[in-house]
Amino acid sequence: MLTKVIAMISIIDDIYDIHGTPDELKLFTDAIERWEITAVDQLPQYMKVAYKALLDVYTEIEEAMVNEERSYSVYYAKEAMKNQVRAYYLESIWFHEKHTPTMEEYMAVAMVTSAYAMLAATSFVGMGSVVTKDSFEWLFSGPKIVKASEIICRLADDIVSHKSEQKRGHVASSIECYMKQHGTTEQETVHEFRKQVTDAWKDVNGECLFPTAVPMPILTRILNLARVIDVLYKDEDGYTNAGTSLKDFVSSLLIDHVPM
């Protein structure tokens, strides 16, 4: 199920970044806020396909959770998706208004659009009884380990992808925001962000060493998502350009792995 949600969020991200006009994106955001099939009538055709697919994915998840008497978990997954598109919509407004936010403005929104919390919430749905309503409430409260992981995701992504995104037309990334606000060069900004990513990893590790608020399997899920981000964005945008380095990682893990 998580794979399907990742596929959906990739499509939705492109709708907000590339395809949608301001008026269309307002309609699409409103439709996801409503989360009902009748909302599809207000959408242009290409958005109808994506919207129906989104609802179908979550209906499938909901049906699976009913059998486990954990249908409440899908509510949280939907709310996380709504948070996601609200942030996407705000970024689209910034882009169309040619607004370069401060780093504080940017990070408050871009940590959400990193999709980290949304994917974490979705992954919690399939973890069984170890995850409770309190676990979701903890996640939505923005705990230190989640915020640190979002920082890792956002800054690592922006470092390797901002040039190609700005070339095609995209909201200002953290690189552009920081350079404008602090008068730094790109090289100085990247150096500062790499330090911030290192500090964020220290926070993640610290939270895992001394778990208190939630069970360790939940923290491990948060940690593992951060590990994936480290692989995807270590040297290049491996998510966008999956056919290069990421392909080699997958091959070494599943095909050419070292025999035990």
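Looking at this model, which pairs from K48/K78; K144/K195; K78/K167; K4/K247 are more than 22 angstrom apart at the alpha-carbon?
Numbers: K48/K78 18 Å; K144/K195 18 Å; K78/K167 33 Å; K4/K247 19 Å.
In this structure, K78/K167 exceed 22 Å between Cα atoms.
If you keep only loop residues by DSSP, which GluC sites (Glu not before Pro) in segment 1-83 have at most 14 other Cβ atoms within 10 Å of their Cβ?
The qualifying sites are E36, E68, E69.
What list of ³J(HN,Hα) values in whole Hz, one per residue of segment 135-147 in order, does the Karplus curve 6.51 cos²θ - 1.76 cosθ + 1.60 (θ = phi - 60°) give from phi, with Gly and Pro shown as x?
For segment 135-147, the Karplus curve yields 5, 5, 4, 4, 4, 6, 7, x, x, 4, 5, 6, 4 Hz.
Taking the alpha-carbon centroid of each part, what is the distance from segment 177-222 to segment 1-41 in angstrom?
Taking the Cα centre of segment 1-41 as reference, the centre of segment 177-222 is 29 Å away.
Among K163, K78, which comes first, second and so on when ranked by fewest other beta-carbon atoms within 10 Å?
Values: K163 12, K78 19.
Listing K163, K78 from fewest to most nearby Cβ atoms yields K163, K78.
What distance in nm lies between label points placed 7 Å from Cα along the C-beta direction at K180 and H99?
Placing both labels 7 Å along Cα→Cβ, they lie 1.1 nm apart.
For every helix of n ≥ 4 consecutive DSSP H residues, a contribution of -39,500 (n - 2.57) applies; sum these over the chain, divide by its total residues, and give [θ] at 222 nm rounded to the nearest 500 deg cm²/dmol. Could the numbers behind the result be given before it?
On the way: 12 runs with 186 residues, N = 260.
Helix-only estimate at 222 nm: -23500 deg cm²/dmol.
Need one number: nm distance between label points at A64 and T21, each 7 Å from Cα along Cα→Cβ, rounded to one decimal.
Here the answer is 3.8 nm between the modelled labels.
Taking the Cα centre of each part, how many Å lie between segment 149-166 and segment 118-144?
If you average the Cα positions of each part, the centres end up 25 Å apart.
For a footprinting-style exposure proxy, rank M103, M81, M47 by other Cβ within 10 Å, fewest first.
Working: M103 15, M81 23, M47 20.
Neighbour counts put them in this order, fewest first: M103, M47, M81.
Values quoted throughout were computed directly from the atomic coordinates according to the rules given, and no laboratory measurement underlies them. Here the structure is a predicted model, which is why all the values come from computation and not from measurement. Cβ coordinates were reconstructed from backbone atoms using ideal geometry, including for glycine residues, and neighbour counts include every protein chain displayed.
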